Amino acid sequence: DQQVKQNSPSLSVQEGRISILNCDYTNSMFDYFLWYKKYPAEGPTFLISISSIKDKNEDGRFTVFLNKSAKHLSLHIVPSQPGDSAVYFCAARATTDSWGKFQFGAGTQVVVTP
Amino acid sequence: DGGITQSPKYLFRKEGQNVTLSCEQNLNHDAMYWYRQDPGQGLRLIYYSQIVNDFQKGDIAEGYSVSREKKESFPLTVTSAQKNPTAFYLCASTLLSRGGELFFGEGSRLTVL
């Protein structure tokens, strides 16, 4: 049973435009959410996170929005650049879980075209 | 430099053989994890460990085994019982007390011939 879902396997966006990646979760205990970026044959790298006490977190070109009532979060990349072409994973954990289990979505492949 | 080191990066094995993937971290992190990535399926948790000499099964532990004899090391053995072992394996760690993010290694690509 997948607790974190990324329903769009791929996204194509023009350079300079906004990329919007979506993520839904089912476990109401999740209170910490993260986005990772992954290039082929490499480990994922951390991009940005958000705690459930916030509804928005911004870091440069990356902004994450959290809608707790809808159990939905999104990542906005503005403006999109060719180097942003990668797979993006959404992850979630319940900080009350002392074992620190992180659940990941299936990922969204982003392609930024010139 | 601090980080997580996985080895080997690429590994080939014949069916019926066990193989061990190494994961070492010098970040002084408490918790370590093994994930498996298959196309279209994201990252699935195999095993995780919070402290030395203790570990828990993740969502897809069958056919795998781990040990945590040292805080820095969390090797994963892919046994011959694993039905479909060809995959990209990722090791990660985190400092649980800080509630921070997972740090990942570069991954190990295992191919069963």
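For segment A:26-45, a residue qualifies if it is in contact with a strand residue (DSSP E or B) (Cβ under 6 Å, 6 or more places away or on another chain) and either within 10 Å of chain B (Cβ to nearest Cβ) or under 11 Å from A:Val87 (Cα atoms) (or both), and the qualifying residues are A:Tyr32, A:Leu34, A:Trp35, A:Tyr36, A:Lys37, A:Lys38, A:Tyr39, A:Gly43, A:Pro44, A:Thr45.
Of all the listed residues (A:Ile50, A:Ile20), the sole one being in contact with a strand residue (DSSP E or B) (Cβ under 6 Å, 6 or more places away or on another chain), without any contact (Cβ under 8 Å) to a residue 24 or more places away in the chain and part of a strand (DSSP E or B) is A:Ile50. When segment A:34-57 is filtered for residues that are under 19 Å from A:Ala94 (Cα atoms), surrounded by fewer than 18 Cβ atoms within 10 Å (Cβ to Cβ) and not polar (S, T, N, Q), the ones remaining, listed by number, are A:Phe46, A:Ile53, A:Lys54, A:Asp55, A:Lys56. Taken together, the residues in segment A:78-93 that are in a strand (DSSP E or B) and under 14 Å from A:Ser10 (Cα atoms) amount to 5.
Between A:Gln103, A:Gln2, the distinction of being assigned to a strand (DSSP E or B), touching a residue at least 24 places away in the same chain (Cβ under 8 Å) and polar (S, T, N, Q) belongs to A:Gln103 only.
Condition first: surrounded by fewer than 21 Cβ atoms within 10 Å (Cβ to Cβ) and aromatic (Phe, Trp, Tyr). Now tell me which residues in segment B:49-102 satisfy that. If the condition is that a residue be surrounded by fewer than 21 Cβ atoms within 10 Å (Cβ to Cβ) and aromatic (Phe, Trp, Tyr), then B:Phe88 is the only one that fits.
Taking segment B:61-113 as the region of interest, how many residues are under 26 Å from B:His29 (Cα atoms) and touching a residue at least 60 places away in the same chain (Cβ under 8 Å)? Looking only at that region, the number is 19. Restricted to strands (runs of 3 or more DSSP E) entirely inside chain B, those with at least 2 residues that are within 13 Å of chain A (Cβ to nearest Cβ) and either under 26 Å from A:Tyr32 (Cβ atoms) or in contact with a Pro (Cβ under 8 Å, 6 or more places away or on another chain) (or both) are B:4-7, B:19-25, B:31-37, B:43-51, B:54-57, B:87-94, B:108-112. One residue alone among A:Tyr32, A:Tyr88 is closer than 20 Å to B:Gly107 by Cβ and aromatic (Phe, Trp, Tyr), and that residue is A:Tyr88.
Taking the condition surrounded by 15 or more Cβ atoms within 10 Å (Cβ to Cβ), within 15 Å of the chain's Cα centre (by Cα) and acidic (Asp, Glu), does A:Asp31 pass? Yes: the conditions hold for A:Asp31.
Taken over segment B:15-65, the criterion of being touching a Lys or Arg at 6+ places or on another chain (Cβ under 9 Å), aliphatic (A, V, I, L, M) and within 18 Å of B:Leu96 (Cβ to Cβ) is satisfied by B:Met32, B:Leu45, B:Ile51, B:Val52.
Just so you know, in segment A:35-79 the residues that are at pLDDT 95 or above, polar (S, T, N, Q) and over 28 Å from B:Phe88 (Cα atoms) include one that is farthest from the chain's Cα centre (by Cα), and it is A:Ser69.
To keep it simple, each residue is scored yes or no on (1) part of a loop (DSSP other than H, G, I, E, B); (2) without any contact (Cβ under 8 Å) to a residue 24 or more places away in the chain.
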position: A:Ser12; (1), (2): no, no
position: A:Ser28; (1), (2): yes, no
position: A:Lys37; (1), (2): no, no
position: A:Asn57; (1), (2): no, yes
position: A:His76; (1), (2): no, no
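Restricting segment A:64-114 to residues that are basic (Lys, Arg) and within 14 Å of chain B (Cβ to nearest Cβ) leaves a set whose member that is nearest to A:Ile18 (Cα to Cα) is A:Arg93.
The values are calculated or read from the model by the stated rules, or taken from the named source; none is laboratory data. The shown structure was predicted, so the numbers you read here are calculated from the model rather than taken from an experiment. Cβ coordinates were reconstructed from backbone atoms using ideal geometry, including for glycine residues, and neighbour counts include every protein chain displayed.
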